[in-house]
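Data block below; observations after.
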Amino acid sequence: MRRPVLPTLLALSLTLALPLHAEETTPTEPPAEPAASEAPAPAEVPRVPLEERSQDSAAALERQLPKGEQQMLQAGDESFLALWKPANAPEAKGVVLLIPGADESADWPKAVKPLRLKLPDIEWNTLSLSLPDSKDAPLPEAVLPRTPEAVTVDTASQPAEGAEQAPSQTTDAAAPAASAPTPPPAPAPVDPAERIFARIQAGIAFAEQQDAKNIVLLGHGAGAYWAALYLKERKPEAIKQLVVVAAQLPAGQTPPLEELIPGLKLATGDFFYKDQAADRGSAVRRKQASKRLAHDGYTQIALKALPGNQEAEQEQLFRRIRGWLEKQ
């Protein structure tokens, strides 16, 4: 018996129409409203200045050397380490104030340490200063400033014109940062000469507190230049004698050594290594300048470099300086 076709088609139509009707009547969820207030990206914090290399050296000396040898002196707004060694005698002849060379510590093994330890045996107190980093001291590669890399935009992957583009996470994050307040500019660096002068002055003040009869300024390498420049600029009455050892002119500084050192009207012992052509040539020019200026208190002492025997070389330096001090 054949079934009627119409009722079957009607039932099938109703079955297919029900899901479409349900989809039309299902309420669509409203789009998520943006947060009432998005927290702005934190303002860029100014980078903390890196510690100087000289500060690391001073911290190492504080761990290694006896506390009795350490003196924290104040130079303006900063404190620094100085190494004090009293004379091995009931009464000292005075204080030898040691000024290390560029990027040398207060206990540098060449010239500075041997003299600060041996001079007390001939009745001299010694005070060795820590100087700030030289202006041309290189930074480690890990902390050198890096040039920002150029950003390349791939135009091929950009959407066609008129196409909707979802907001990028990078753009949204950068927007609040653009309105962040600009950090205050870093303070202007202090003139290196003024920092060094302040430390030399602090050393002289400490020596005067020890009732020193004589204060001798002794500079090694670039420290010889700073010692002489300090005497020229500040003219301290407490200093009557200057010793320079292997004097060097720091890069970019003036006046040259042949104008600076012989022009000081005080007893000067100029120690140089005759085996090194550059040092010998500079010493000759200083000697000639002293003759033109009729500086009778200027004396040059030639030393012999002994690269294979540093102990003997430092002993030679000590004996020559001892001889010069005893003649004053």
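The values are calculated or read from the model by the stated rules, or taken from the named source; none is laboratory data. Since this is a predicted model, take the numbers as computed values, not measurements. All Cβ positions, glycine included, derive from the backbone under ideal geometry; neighbour counts span all protein chains shown. Please note that ligands, DNA and RNA were not included when accessible areas were found on the heavy atoms of the full protein model with its side chains. Shrake-Rupley method; radii C 1.70, N 1.55, O 1.52, S 1.80 Å.
Please find, within the range 88-106, the residue that is nearest to LYS240 (Cα to Cα) out of those that are part of a loop (DSSP other than H, G, I, E, B) and open to solvent by less than 20 Å² (accessible area, probe 1.4 Å). Walk me through it before giving the result.
So the first thing to find is which residues in the range 88-106 are part of a loop (DSSP other than H, G, I, E, B), and the list is 88-93, 100-106.
Filter again for open to solvent by less than 20 Å² (accessible area, probe 1.4 Å), leaving 100-101, 106.
Values: PRO100: 20, GLY101: 21, ALA106: 23 Å.
This residue is PRO100.
Given the criteria open to solvent by less than 90 Å² (accessible area, probe 1.4 Å), out of contact with any Lys or Arg (no Cβ under 9 Å at 6 or more places or on another chain), modelled with pLDDT under 95 and in a loop (DSSP other than H, G, I, E, B), does ALA137 qualify?
Details: open to solvent by less than 90 Å² (accessible area, probe 1.4 Å): yes; out of contact with any Lys or Arg (no Cβ under 9 Å at 6 or more places or on another chain): no; modelled with pLDDT under 95: yes; in a loop (DSSP other than H, G, I, E, B): yes.
Judged against the criteria, ALA137 is not a match.
Looking only at the range 209-234, which residues are modelled with pLDDT under 95 and not acidic (Asp, Glu)?
Across the range 209-234, the qualifying residues are GLN210, ALA212, LYS213.
Determine the pairs where a residue that is under 14 Å from LEU266 (Cα atoms) and among the small types (Gly, Ala, Ser), located within the range 231-250, has a partner that is open to solvent by 30 Å² or more (accessible area, probe 1.4 Å) and modelled with pLDDT of 95 or more with Cβ atoms under 7 Å apart, the partner being 6 or more residues away or on another chain.
Correct list of pairs: ALA238/GLU208.
Which of the residues spanning the range 299-328 are open to solvent by 30 Å² or more (accessible area, probe 1.4 Å) and more than 19 Å from GLN241 (Cβ to Cβ)?
Scanning the range 299-328 gives ALA302, LYS304, LEU306, PRO307, GLY308, ASN309, GLN310, GLU311, ALA312, GLU315, GLN316.
Please name all residue pairs, on different chains or six or more residues apart, with Cβ atoms under 7 Å, provided the first residue is in the range 118-133 and is touching a residue at least 24 places away in the same chain (Cβ under 8 Å) and the second residue is of a type in the set (S, T, N, Q) and open to solvent by 20 Å² or more (accessible area, probe 1.4 Å).
Close Cβ pairs (under 7 Å, with a partner that is of a type in the set (S, T, N, Q) and open to solvent by 20 Å² or more (accessible area, probe 1.4 Å)) amount to PRO120/ASN88; ASP121/ASN88; ASN125/GLN210; SER130/SER54; SER130/SER105; LEU131/SER54; PRO132/SER54; ASP133/SER54.
Counting only residues that are out of contact with any Leu (no Cβ under 7 Å at 6 or more places or on another chain) and of a type in the set (A, V, I, L, M), which one in the range 109-123 is least open to solvent (accessible area, probe 1.4 Å)?
Going through the qualifying residues, I end up with LEU119.
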